[in-house]
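A.B. asks: Here it is, the structure, as structure tokens.
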Amino acid sequence: MAAGGRGAVARWAVVAALVGALVALPSLIGALPAADEPVGAVELRAAVLASADVGFSGYAESAGGLALPVTEQLGSVADLFSDRTTMRVWWRGPADNRVDVVTAGGETGIRRDATGTWTWEYERATATRAVLGPLALPAPPDLLPSALGRRLLSEATEREVTRIGARRVAGRNALGLRLVPGQPASSVSHVDVWVDGGTGLPLQVQLFADAADRAAMDTRFLDLDLGTPAAATTAFAPPPGARVRSAQEAEVLLEAGRRIRTVPFPAQLAGLPRRTLQGVPPGIGLYGRGVTLLTVAPLPRRLASGLRTTLAQAPGAVVDGSSVRVAAGPVGLMVVDVPGQGPYVLTGTVTVDALATAAAEVPDLRPAP
């Protein structure tokens with residue numbers, strides 16, 4: 001074997017051994033006793049929301065149990081929420097961080113800056129640039145417990161959060177905070193966020209669907225070092241000879257929302273208030289708060305046809321005339337094809353009954369019998 005080949009094998013053998021050791025850490029460290037502290041739920045939530053600028057580096061792992069029935073165009077999103085994702089992270093701030101996704105076959109680095117992200121596929125020597133947008137597709141950095149914990153708690157009310165004790169996460173004392181959404185349409189039973197008492201940094205996030213004993217998503221730090229990494233660690237520029245391209249996936253819904261005739265959305269759907277987001281065209285309806293969210297958007301027919309077929313074949317699918325809806329854990333999906341309007345998708349962390357109610361409450365989208 002050539003020297004370069006032996007070097008590559010050795011490199012990935014070291015990575016595989018390190019990841020294996022880190023995966024074993026939670027069970028070992030979790031056996032150590034944890035000490036609770038007299039911190040109230042409201043105070044702990046405030047500490048979480050103030051932790052975005054806490055610098056750190058370490059390893060994190062996200063385990064998703066959502067078998068999302070989506071088409072190959074959105075396959076990367078389905079993989080993100082149904083597989084185990086191991087990440088090495090360097091965090092200088094929300095607009096300056098780096099997350100390397102480590103797999104048996106290689107690694108992919110995602111560098112975030114003030115205007116967007118670079119995704120560097122090391123093995124393929126390909127750099128993909130994505131600019132910041134209002135409806136960016138979920139990516140591995142969004143599943144870091146620190147980022148996800150802040151996101152899920154950002155709109156929680158005082159009545160929705162309570163304390164739930166303490167545990168050890170990544171070798172640190174973590175204080176428990178439980179969020180129980182107050183909206184009847186929600187398909188989420190509760191979210192448990194385990195927080196470092198000294199910094200407010202979420203160390204583990206577990207999301208549970210209604211009537212589920214196991215978490216639909218569990219993301220946690222396996223190893224954590226506090227301290228701001230060097231700027232050179234997170235900086236990125238495509239190296240000479242690299243293939244450079246632009247990300248297009250997030251433009252699918254936005255472009256459809258711009259081109260298709262605007263549907264008059266009501267002030268609320270399924271009991272959820274409408275919300276506005278800068279840059280989202282009027283053809284897309286956003287509803288809900290906090291953990292409970294609903295999106296109503298037009299779909300290009302080439303995407304809708306495959307998605308409808310896939311949903312109809314999923315376990316528990318409800319086919320009703322021109323519509324089909326299904327639940328994958330706490331995520332609900334519905335496609336309705338209305339004559340004269342074209343296909344629409346309704347999706348979010350709401351029940352399938354709430355999806356049907358929402359579709360019926362938009363006069364132009366009521367499914368044909």
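A.B. asks: Being open to solvent by 40 Å² or more (accessible area, probe 1.4 Å) and touching a Leu at 6+ places or on another chain (Cβ under 7 Å) is the filter here, so list the residues in region 101-118 that pass it.
C.D. replies: Hit for region 101-118 is T115, nothing else.
A.B. asks: Output the number of the condition that R98 fails; it satisfies all remaining conditions of (1) within 19 Å of the chain's Cα centre (by Cα); (2) open to solvent by 10 Å² or more (accessible area, probe 1.4 Å); (3) without any contact (Cβ under 8 Å) to a residue 40 or more places away in the chain.
C.D. replies: (3)
A.B. asks: If you check V345 against the conditions, is it modelled with pLDDT of 85 or more and at negative phi?
C.D. replies: For V345, the condition - modelled with pLDDT of 85 or more and at negative phi - is met.
A.B. asks: Can you give me the ranges of the strands (runs of 3 or more DSSP E) entirely in region 274-369 with at least 2 residues that are of a type outside the set (S, T, N, Q) and either buried (at least 16 other Cβ atoms within 10 Å of the Cβ) or in contact with a Leu (Cβ under 8 Å, 6 or more places away or on another chain) (or both)?
C.D. replies: Here the list reads 285-289, 292-298, 323-328, 331-338, 342-348.
A.B. asks: If you go through region 210-226, how many residues are open to solvent by 40 Å² or more (accessible area, probe 1.4 Å), among the charged types (D, E, K, R) and assigned to a strand (DSSP E or B)?
C.D. replies: Residues meeting the conditions: 3.
A.B. asks: When only residues in region 187-209 that are buried (at least 24 other Cβ atoms within 10 Å of the Cβ) and over 17 Å from the mean Cα position of the chain (by Cα) count, which is farthest from D142 (Cα to Cα)?
C.D. replies: Within region 187-209, the match that is farthest from D142 (Cα to Cα) is D196.
A.B. asks: Can you pull out the residues in region 142-173 that are within 19 Å of V39 (Cα to Cα), open to solvent by less than 20 Å² (accessible area, probe 1.4 Å) and not in a helix (DSSP H, G or I)?
C.D. replies: A156, V161, V169
A.B. asks: Among the residues of region 126-141, write down those that are modelled with pLDDT of 85 or more and either under 19 Å from G279 (Cα atoms) or open to solvent by 40 Å² or more (accessible area, probe 1.4 Å) (or both).
C.D. replies: R129, A130
The values are calculated or read from the model by the stated rules, or taken from the named source; none is laboratory data. Predicted model only: the values in this text are computed from it and were never measured. Cβ sites come from the backbone with ideal geometry, for glycine too, and all protein chains shown count toward neighbours. Accessible surface is based on the protein model in full, side chains and every heavy atom, while ligands, DNA and RNA are left aside. Shrake-Rupley method; radii C 1.70, N 1.55, O 1.52, S 1.80 Å.
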